[in-house]
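Some notes on the structure that comes next.
The values are calculated or read from the model by the stated rules, or taken from the named source; none is laboratory data. Being a predicted model, the structure only gives us computed values, none of them experimental. Methodologically, a virtual Cβ is constructed for each residue, glycine included, from the backbone with ideal geometry; neighbour enumeration extends over all protein chains shown.
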Amino acid sequence: MMPLLIKNATIVTQNRKREVLKGNILIEGGTIASVGKDADTTGQVLDASGKIAMPGLVNTHTHLAMHVFRGYGEDMPLHQWLEERIWPAEAKQTPEEAGISARLGFCEMLRSGTTCFVEMCIHDPNHIFKAAKEAGLRGTIAQGIIDMGDSSGTKELLENAKSVLGYRNGMLHGSVAAHAPHTCSEELLLKTKELARKNKLKYQIHVSETRKEVFEVLKKTGKYPYEYLESIGLMDEDSIFVHGGWLTKREIGLAGKRRISMCACPVSSLKLATGGIAQIKELDSSGASVCLGTDSVASNNSMNMFETMKMAALLQKFHYWKADAIPAQRVLDFATIGGARAAGFDSGAIEAGKPADIVLLEKGPNLRPGHDIVSNLVFSAGPQNVTDVVVNGRLVLQDRHILTLDEPAVMEKANELAGEIMER
């Protein structure tokens, strides 16, 4: 791979000192070789004058197969939305079609500065792995397992989940996912976590998204969801618990004690009217590793991580009646370093030795003046500012053109597929 030099950038490093520097970034062999004014190369040069360089954003919860369901099932609460719209539509979709849907999602990710993602797919995920490799993105992917409390088919479901075990190549990792404690039998929860631990994989699960599911778990087990999952050994540093909108103080303490990754999806939660707000301020203080996700575009309806950062910050300010509840810098941490940790990668910062996942943003009118660049990134930036994206040292978006996927063909094929599925 040819060395790449990004010159004359304003660099939001996300290093330990959280420095903002002006200078160059030298990339060699997919890794950041140096950061500073003196870096130089005989390889490819990208002039970033007038631009901000930041670590690629990490979207820690996606359902890419649902990309062709954007706008299908509007103005519905979560359980009605799932049971009447999404689950029936997914049942009509093939694994290959999930890959077509994912390519549309990857185009949206690249255009909005996301370089890494964590995916839970209801289908055999091999087609999503293939699409991610084509797009040049970094990701952790699982097939979401669900048995609606009936453990009779657990063995077959676990065999399906094992299809991801061969993926661990530095860019794409397999992981294991159970849908949720209220939709999975205890046997399935235990067996999926055992599979993840045995193979040293990340473990994903939706937890406490709505009050309804909290009460279902409480009725079934006598414990609140986090307490229940702790009692059966599912809480540890390799677990990604998604949503967490309805947590007790004790559950927040357990999240910190076990140092789980807790992924908040604020925009999706607001749109589905789940009612609860993930208390990321307290979760962060407790010792949990907070990260952020968009959820699917069927519930969000976008993959805009800039919007997600802004909404996460605003909801904490609103919820706690405190303007300084969560500083912009901490929110950026959640969307970069926290997300990378959850996904199982060492990215999330621009410093020597780190994977070269970097986004360049044009300092348009919405990013000027630059009194506080980090605040601008969280509250003012958007996909319209993204001009170039580098993943693992490779340019995948240049001058706003996607280099790895045929974007017009992807959009046309996804549009056709969406119509076909609805007619089945």
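Within the range 212-230, one or more residues are buried (at least 18 other Cβ atoms within 10 Å of the Cβ), out of contact with any Ser or Thr (no Cβ under 9 Å at 6 or more places or on another chain) and either outside any helix (DSSP H, G or I) or of a type in the set (Asp, Glu) (or both). Taken over the range 340-370, the residue count meeting the criterion of being in a strand (DSSP E or B) and under 25 Å from residue 119 (Cα atoms) is 4.
For residue 40, are the conditions met, namely being more than 20 Å from residue 337 (Cα to Cα), modelled with pLDDT under 95, over 21 Å from the mean Cα position of the chain (by Cα) and assigned by TED's automatic domain parsing to the domain that holds residue 390? Give the steps one after another, and end with the answer.
Values: more than 20 Å from residue 337 (Cα to Cα): yes; modelled with pLDDT under 95: yes; over 21 Å from the mean Cα position of the chain (by Cα): yes; assigned by TED's automatic domain parsing to the domain that holds residue 390: yes.
Against the criterion (more than 20 Å from residue 337 (Cα to Cα), modelled with pLDDT under 95, over 21 Å from the mean Cα position of the chain (by Cα) and assigned by TED's automatic domain parsing to the domain that holds residue 390), residue 40 qualifies.
Condition check: within 19 Å of the chain's Cα centre (by Cα) and either under 13 Å from residue 27 (Cβ atoms) or buried (at least 23 other Cβ atoms within 10 Å of the Cβ) (or both). Does residue 382 satisfy that? No. Is it the case, given these coordinates, that residue 30 is in the same structural domain as residue 338 (by TED's automatic domain parsing), surrounded by fewer than 22 Cβ atoms within 10 Å (Cβ to Cβ) and in contact (Cβ under 8 Å) with a residue 24 or more places away in the chain? No: the conditions fail for residue 30. Residues of the range 396-414 being assigned to a helix (DSSP H, G or I) and either among the aromatic types (Phe, Trp, Tyr) or under 15 Å from residue 102 (Cβ atoms) (or both), which ones? If the condition is that a residue be assigned to a helix (DSSP H, G or I) and either among the aromatic types (Phe, Trp, Tyr) or under 15 Å from residue 102 (Cβ atoms) (or both), then 407, 409, 410, 411, 413, 414 are the ones that fit. Identify, please: which residue in the range 193-211 is part of a helix (DSSP H, G or I) and touching a Ser or Thr at 6+ places or on another chain (Cβ under 9 Å) and is, among those, surrounded by the fewest Cβ atoms within 10 Å (Cβ to Cβ)? Filtering first and then ranking leaves 211.
Are any of the residues in the range 286-304 charged (D, E, K, R) and more than 22 Å from residue 377 (Cβ to Cβ)? So that I can check it myself, show each step before the final result.
Filtering the range 286-304 down to residues charged (D, E, K, R) leaves 295.
Subset that is more than 22 Å from residue 377 (Cβ to Cβ): none.
No.
Any residue that is touching a Gly at 6+ places or on another chain (Cβ under 7 Å) and touching a residue at least 24 places away in the same chain (Cβ under 8 Å) - is there at least one of those in the range 310-320? Among the residues of the range 310-320, not one is touching a Gly at 6+ places or on another chain (Cβ under 7 Å) and touching a residue at least 24 places away in the same chain (Cβ under 8 Å), which makes the answer no.
So that you can scan it fast, the table gives a plain yes or no per residue for (1) free of Cβ contacts under 8 Å to residues at least 60 places away in the same chain; (2) outside the structural domain of residue 206 (by TED's automatic domain parsing); (3) small (Gly, Ala, Ser); (4) under 19 Å from residue 206 (Cβ atoms):
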site: 92; (1), (2), (3), (4): no, no, no, no
site: 104; (1), (2), (3), (4): no, no, no, no
site: 117; (1), (2), (3), (4): no, no, no, yes
site: 126; (1), (2), (3), (4): yes, no, no, no
site: 137; (1), (2), (3), (4): no, no, no, no
site: 144; (1), (2), (3), (4): no, no, yes, yes
site: 160; (1), (2), (3), (4): yes, no, no, yes
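Reported count of residues in the range 188-213, each being small (Gly, Ala, Ser) and out of contact with any His (no Cβ under 7 Å at 6 or more places or on another chain), is 1.
With the requirement that a residue be assigned to a loop (DSSP other than H, G, I, E, B), crowded, with 19+ Cβ neighbours inside 10 Å and in contact with a strand residue (DSSP E or B) (Cβ under 7 Å, 6 or more places away or on another chain), what does the range 137-169 give you? 137, 167, listed by residue number. Output yes when any residue across the range 371-380 is touching a helix residue (DSSP H, G or I) at 6+ places or on another chain (Cβ under 8 Å), hydroxyl-bearing (Ser, Thr, Tyr), part of a loop (DSSP other than H, G, I, E, B) and in contact (Cβ under 8 Å) with a residue 60 or more places away in the chain, and no when none is. Checked against the condition, which is being touching a helix residue (DSSP H, G or I) at 6+ places or on another chain (Cβ under 8 Å), hydroxyl-bearing (Ser, Thr, Tyr), part of a loop (DSSP other than H, G, I, E, B) and in contact (Cβ under 8 Å) with a residue 60 or more places away in the chain, the range 371-380 yields no hits at all. Inside the range 240-293, residues that are among the hydroxyl-bearing types (Ser, Thr, Tyr), in a helix (DSSP H, G or I) and under 17 Å from residue 225 (Cβ atoms) make up a count of 2. For beta carbons closer than 8 Å, sequence separation of 6+ or different chains, a first residue in the range 9-21 that is in contact (Cβ under 8 Å) with a residue 12 or more places away in the chain and closer than 18 Å to residue 361 by Cβ and a second that is part of a loop (DSSP other than H, G, I, E, B) and among the basic types (Lys, Arg), the qualifying pairs are 10/363. Looking at the range 170-186, can you tell me whether even one residue there is surrounded by 24 or more Cβ atoms within 10 Å (Cβ to Cβ) and in a helix (DSSP H, G or I)? Checked against the condition, which is being surrounded by 24 or more Cβ atoms within 10 Å (Cβ to Cβ) and in a helix (DSSP H, G or I), the range 170-186 yields no hits at all.
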